[in-house]
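*Asks:* Let me begin by handing over the structure; questions about it come next.
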Amino acid sequence: MDNLNRARQRPDTDPATMEAAELIVSYLERLGIGAVFGVPGGAIEPVYNALARSERRGGPRAVVARHEAGAAFMADGYARETGKIGVCVATSGPGATNLITGVATAYANNVPMLVITGQPPLRNFGRGALQESSCTGVNVVAMMQHCTRYNTLVSHADQLETKLIAALMRAFQSPQGPVHLSIPVDILRNPVPAPSTDADRSALVYARPALVDLDALIVLRGEIERAERPVFLVGDGCGEAVEAIMRLVDLTGALFITTPDAKGLVNPRHPAYRGVFGFGGHASADALLRGHAGLVVAFGTAFSELASAGWSETLLNNRLIHVDPSDEHLARSPMARLHVRGHILTVCRALIEGLAANDARHVVSLPATGVDAPNPHVTLHAPEQVDSDSTPIKPQRLMRELSRRCPPNTRFLADTGNSMIWAVHYLQPRNQRSTRPASGLPEGRREQRSGTAQWLRVMMDFAPMGWAIGAAVGIARGNPRCPVVCITGDGSYLMSGQEIGVAAAEGLNVVYVVLNDSAYGMVMHGQRLAKAEPIGFELPQVDFAAMAAAMGVPGHVVESPAELEALDFDAILARPGPTLIDVRIDRDEVPPMIQRLKALGAVK
């Protein structure tokens, strides 16, 4: 028996040691990770062996994607919904390179993710090993360098635990993001000391520093107290603080708007809400900033192109106060009156304590129209199409029906492209998050979700088509109690639609709504608005319901509002598995996308 075989047997005979792959999985168990997303392969086999044994004892489940990019998107969705780290694994070479788009997406959007890739045995480095991706082959570690917060090759087994802990901690430091460990297969099989059974690593990994610039906080409180009626901009980084921000709205009489990727944090029918500012946003939000607002306090936003309406001077001026824990984000608003660096929830709690002591100046009450009525203070683009009965169905009408037919705890995702614009602008679901602080709700009515979860998820910054298709699986796996609705386009579905098979295999209730207009819609409308050459946007007419049926998934083709209303949504949202709805939309409806063309210089 050679040394390698003896090393593989040793963990079974010596309780003080375990295989390196077992060590990794044991840490995931302790962190409460419920799923690991990936595609198996020879160079990562020991991790899958460890996962199989772990799953039998109630540990994380190995969810097998159809493509490694889909696995990374799933890990992304899982992290966003649960607040835990998303985990994806891939074999060496093309398995690892296939992950990169999903890893880069998580990096640009500050999503904590542990990425583990395999390598051939160390002794084979530089010898032309199959799918070698070491420094002497196609160098995956070098490729990952620019889209991860921590990135390393584990070259010796005794490095593993130290590097694993360092990676997990860095994933949750500000700014959060993906971390990468590339591990040769012989290292994964090596024996390592078993971790202490009484060591609690979760507090170390998930700890959020509550540091705040106290001097800036005092100035911020004074600015808010002097403001006649401040405006709050809620960004994507406000997940755990959003209820506190709503309390500040009550105390100050503030009006508030959101970035596109933060709309899902708030109740869109709140009487103080004036809509989305930025890509796919509302004229009411823009008018609020152009009007009386003497003070704008932006919480938890990086001020990227889509979140700032193309870096609009309407927002980025000396009326602005920017609150964020990341220096990287604060550096994007140098013109602001004040920067407050600190943990957003801690800042808000301190403001609440100080302002409450001085008595509230305003208390905002709910409108008489009730929680199911559209918000009259949010100005819609082409509102007449929301109620249109014409065929093919208007995408605005589709958003209305989804808002009306889906239960309050539904998780919506909208894919990159026109799907995102329609959802950001028109979705107004019956969201059960209160317009008052959560402490004022009866226990039975509180929605239980992590501070990072939202009723609507869209992709900003690095925004790949097809992201939502995989991310929907990750969200459903992380929280199977809530239905998930993925709004995607035909172009995106043709890129990543195979991942519906994962939802089927896992028995996850995900409804895929495909906006089918036989075109790359954003490209088509962008060319028309910019008076550019009409080229490259046409797609063939595809029966996506038939594609789903071929994978054992029920599908429906919808060509009119009447056919949409005839669907039994209660049954669709109750079945233990996915459903696809192929909606033939009116391709001539132009979404509110002019801001993007201005940023590109295509129009003035």
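*Asks:* To one decimal place, what Kirkwood hydrodynamic radius in Å is obtained for region 54-185 from all pairs of distinct Cα atoms?
*Replies:* Final number for the Kirkwood radius of region 54-185 is 14.8 Å.
*Asks:* For region 214-357, state the semi-axes of the equivalent ellipsoid (square roots of 5 times the eigenvalues of the alpha-carbon gyration tensor), sorted largest first and rounded to whole angstrom.
*Replies:* Square roots of five times the eigenvalues give 20, 17, 15 Å.
*Asks:* Restricting to region 3-206, what percent of DSSP beta bridges are antiparallel, rounded to 5?
*Replies:* That works out to approximately 10 percent antiparallel.
*Asks:* Let me ask another. Tell me the mean residue ellipticity at 222 nm calculated for the chain from its helices only (DSSP H runs of n ≥ 4, each -39500 (n - 2.57), averaged over every residue, nearest 500).
*Replies:* Theoretical 222 nm ellipticity from helices: -10500 deg cm²/dmol.
*Asks:* Next question. Restricting to the chain, compute how many DSSP beta bridges are antiparallel as a %, nearest 5.
*Replies:* 5 percent
*Asks:* When averaged across all projection directions, what area in nm² does the alpha-carbon convex hull of region 117-171 cover?
*Replies:* Spelled out: convex hull of the Cα atoms, projected over all directions, averaged, 3.9 nm².
*Asks:* Additional query: Size of region 131-254 along its principal axes in angstrom, Cα-based, largest extent first?
*Replies:* That works out to 65, 39, 24 Å along the principal axes.
*Asks:* Which aspartates and glutamates, if any, have their Cα less than 15 Å from the Cα of K394, not counting same-chain residues under 8 positions apart?
*Replies:* Straight-line reach from K394, under 15 Å: E384, D517, E559, E563, E565, D582, D586, D588, E589.
*Asks:* Additional query: Quick one: putting +1 on the C-beta of Lys and Arg, -1 on the C-beta of Asp and Glu, what dipole do you get for region 383-600 around its Cα centre, in Debye to the nearest 20?
*Replies:* I would put it at about 1060 debye.
*Asks:* Treat region 383-600 as a sphere of radius equal to its Kirkwood radius over Cα pairs and apply Stokes-Einstein at 37 °C in a medium of 0.692 mPa s; give the translational diffusion coefficient in µm²/s, rounded to a whole number.
*Replies:* Value of D from the Cα-based Kirkwood radius: 184 µm²/s.
*Asks:* So, one more: For region 190-291, take the convex hull of the Cα atoms, compute a quarter of its surface area, and give me that in nm², please.
*Replies:* Orientation-averaged projected area of the Cα hull: 11.4 nm².
*Asks:* Oh, and also: Please report K263, K531, K84 as a ranked list, fewest other C-beta atoms within 10 angstrom at the top and most at the bottom.
*Replies:* In increasing order of surrounding Cβ atoms, one gets K531, K84, K263.
*Asks:* Relative to the Cα centre, what is the charge dipole magnitude of the chain, using +1 at the beta carbon of each Lys and Arg, -1 at the beta carbon of each Asp and Glu, and rounding to the nearest 20 debye?
*Replies:* Computed about the Cα centre, the dipole is about 800 debye.
*Asks:* Farthest toward the dipole's positive end in the chain, which of Q541, G354, V63, given Cβ charges of +1 (Lys, Arg) and -1 (Asp, Glu) about the Cα centre?
*Replies:* Ranked along the dipole, the leading option is G354.
*Asks:* Now a separate question. Consider the candidate values (1) 24.9, 76; (2) 24.7, 81; (3) 26.1, 81; state which one is Rg and Dmax of the Cα atoms in Å computed from the structure displayed.
*Replies:* Checked against the structure: label (2).
*Asks:* Loop by DSSP (not H, G, I, E, B), at most 11 other beta-carbon atoms within 10 Å: where is the longest site-free stretch of the chain for GluC sites (Glu not before Pro)?
*Replies:* 314-604
FYI, it's all coordinate maths here, none of it is from the lab. As the structure is a prediction and not an experimental result, all values here were calculated from the model. Here the Cβ is made from the backbone with ideal geometry for all residues, glycine too, and neighbour counts use every protein chain on show.
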